[in-house]
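*Asks:* Okay, here's the structure, questions in a sec.
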Number of protein chains: 2
Amino acid sequence: MTDSTRNARRPRRGRPGKPAGDDGGDARRRLLQAAAGQFAAAGFAGTSLRAVARDAGVTPAMIAYYFGDKAGLMEAVLVTGLDEVLGALEAALDDGGGDSAPALERFVAAELEALTSHPWIPRIMVQEVLSKDTPLRQVFVDRFASRALALVRPAMAADLAAGRLRADLDPRLVILSVIGMCVFPFLAEPLLGPLVGYRIDDDFAGEFVPHTLALLAQGLGAKS
Amino acid sequence: MTDSTRNARRPRRGRPGKPAGDDGGDARRRLLQAAAGQFAAAGFAGTSLRAVARDAGVTPAMIAYYFGDKAGLMEAVLVTGLDEVLGALEAALDDGGGDSAPALERFVAAELEALTSHPWIPRIMVQEVLSKDTPLRQVFVDRFASRALALVRPAMAADLAAGRLRADLDPRLVILSVIGMCVFPFLAEPLLGPLVGYRIDDDFAGEFVPHTLALLAQGLGAKS
DNA sequence: CTTGTTATTAAATGAACGATTAATTAATAT
DNA sequence: ATATTAATTAATCGTTCATTTAATAACAAG
């Protein structure tokens, strides 16, 4: 499906040499975009550079030219997306710091909205960063995880001190549960979307953020 | 790491022919075990049959003999594990039906305990079933998802009728959030385990089940 | 105009992979 | 005893892959 829909776009492959005019510099961006989609859909090992190059309308040699090798391409894809998400998280948590909503609520909302714009990030993460001990993991830790945790932990401590967070829960496990609630729908959408009945489009965050906040605020139990 | 630790076990590969005595029938089981580990760690495309066979102490031709081809091996791995998990869920939800804990609580506890015994299942699912439209997906839906949902949905309805579940939440999204909370720690353990501070061993369910139930029961908010 | 740099292609290389086949041995049935 | 079946290895085939190399064309600077 991914093939047949995108294939007919670039049927002709030109003669060697620098292309004329306004196409210049575009190939790198198209390669990143094609690679993000294919890495998310088929994983690192399951993605062939030939297919990425074909999707981007260039030859595989261009990947070596711009990114060195396959791992370099994956790294470029990942850091490009992660930087954008981290920026959104920083903006949401540094916000004033005064009387706004509890920090964990702002964190959840910002994360869900950022992921809605980059739905391939969780899939690449789980497939290539979470389970395997690849060089990418260090990139992820340094470039994203450590900074994100540095934002969240003091915010949680502030919530706790202000009495806006239960004191009898293990903070480690709270982080785990909250991240899981936020990230899992993006992982499972291709299967559970049709089955349960949801779709990740521009409106998804608008629907899922209130639900998640309501669930986190009071749990599942009926009001007594 | 996976290589060097498991490698030295079966250094010698015998002469051709049926092995004598009590080894018979063991190769199939060892292949399933080795394949589960490698599929979970490296994904379907990232796993080579040569490596699985080496890990199991046989030749790659044995995989064709027992499972036909690579896809058949993966399918056998998956259904073997899923059947065991489904059995645990059925046992937990069919339990009497009387005055025990809310069904969603029993579901959560049973799922977490079953996954603790088969921690590779969520990783294979996310990597090979959730995101890609492979033949495995139908296997998963028929063999597990449809039956599990058939167990959960009436149980949730009963909870709702008995006033043990908030009526103002979207049931579709509740299922999504609950599954995400349960499954995500298994996906993220290789990365977040050392970082956040938890390990999936025999005691994990004993620690995580009470936390999850407490969080689901009342949410994060401090008691007023 | 020439010279160098940048961006691109076509073609070749070598390794790894999944799958197949033929040979081989043990167990079992006749 | 003998034939048949079950379980296993060794060897190899054809394919696909990532990567490398050499050639080529546009463009910029002198």
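*Asks:* Does the stretch A:85-101 include one or more residues that are within 21 Å of B:LEU192 (Cβ to Cβ) and open to solvent by 30 Å² or more (accessible area, probe 1.4 Å)?
*Replies:* Taking every residue of the stretch A:85-101 in turn, at least one turns out to be within 21 Å of B:LEU192 (Cβ to Cβ) and open to solvent by 30 Å² or more (accessible area, probe 1.4 Å).
*Asks:* Please indicate, with yes or no, whether at least one residue in the stretch A:49-57 is more than 13 Å from DNA strand D (Cβ to nearest atom), under 25 Å from B:VAL129 (Cβ atoms) and buried (at least 18 other Cβ atoms within 10 Å of the Cβ).
*Replies:* No, every residue in the stretch A:49-57 fails to be more than 13 Å from DNA strand D (Cβ to nearest atom), under 25 Å from B:VAL129 (Cβ atoms) and buried (at least 18 other Cβ atoms within 10 Å of the Cβ).
*Asks:* Next question. Being at the interface with chain B (Cβ under 10 Å from one of its Cβ atoms), in contact (Cβ under 8 Å) with a residue 60 or more places away in the chain and either within 17 Å of B:PHE186 (Cβ to Cβ) or open to solvent by less than 30 Å² (accessible area, probe 1.4 Å) (or both) is the filter here, so list the residues in the stretch A:153-173 that pass it.
*Replies:* A:LEU165 - this is the single residue of the stretch A:153-173 that is at the interface with chain B (Cβ under 10 Å from one of its Cβ atoms), in contact (Cβ under 8 Å) with a residue 60 or more places away in the chain and either within 17 Å of B:PHE186 (Cβ to Cβ) or open to solvent by less than 30 Å² (accessible area, probe 1.4 Å) (or both).
*Asks:* Which of the following residues is assigned to a helix (DSSP H, G or I), within 14 Å of DNA strand C (Cβ to nearest atom), away from every other protein chain (no Cβ under 14 Å) and modelled with pLDDT under 95: A:ALA27, A:ALA92, A:ALA53? Break it down stepwise before answering.
*Replies:* On the way: A:ALA92 fails: within 14 Å of DNA strand C (Cβ to nearest atom); A:ALA53 fails: modelled with pLDDT under 95.
Of A:ALA27, A:ALA92, A:ALA53, the one residue that is assigned to a helix (DSSP H, G or I), within 14 Å of DNA strand C (Cβ to nearest atom), away from every other protein chain (no Cβ under 14 Å) and modelled with pLDDT under 95 is A:ALA27.
*Asks:* Just name the residue that is farthest from B:VAL152 (Cα to Cα) out of those in the stretch A:186-217 that are facing another protein chain (nearest Cβ under 10 Å) and acidic (Asp, Glu).
*Replies:* A:GLU207
*Asks:* Continuing with the same structure: Being free of Cβ contacts under 8 Å to residues at least 24 places away in the same chain and either over 18 Å from A:THR47 (Cβ atoms) or facing chain B (nearest Cβ under 10 Å) (or both): is that true of A:ALA109 here? Give the steps one after another, and end with the answer.
*Replies:* Details: free of Cβ contacts under 8 Å to residues at least 24 places away in the same chain: no; either over 18 Å from A:THR47 (Cβ atoms) or facing chain B (nearest Cβ under 10 Å) (or both): yes.
Criteria not met by A:ALA109.
*Asks:* Go through the stretch B:175-203 and report how many residues are over 23 Å from B:ALA103 (Cβ atoms), surrounded by 19 or more Cβ atoms within 10 Å (Cβ to Cβ), of a type outside the set (Ser, Thr, Tyr) and in contact (Cβ under 8 Å) with a residue 12 or more places away in the chain.
*Replies:* Qualifying residue count, the stretch B:175-203: 2.
*Asks:* Can we say B:ALA76 is within 16 Å of DNA strand C (Cβ to nearest atom) and more than 13 Å from chain A (Cβ to nearest Cβ)? Steps first, please.
*Replies:* Working: within 16 Å of DNA strand C (Cβ to nearest atom): yes; more than 13 Å from chain A (Cβ to nearest Cβ): yes.
So B:ALA76 fits the description; yes.
The values are calculated or read from the model by the stated rules, or taken from the named source; none is laboratory data. Predicted model only: the values in this text are computed from it and were never measured. All Cβ positions, even for glycine, are placed from backbone atoms using ideal geometry, and neighbour counts span all protein chains on display. The accessibility values were calculated without ligands, DNA or RNA, using every heavy atom of the protein model including side chains. Shrake-Rupley method; radii C 1.70, N 1.55, O 1.52, S 1.80 Å.
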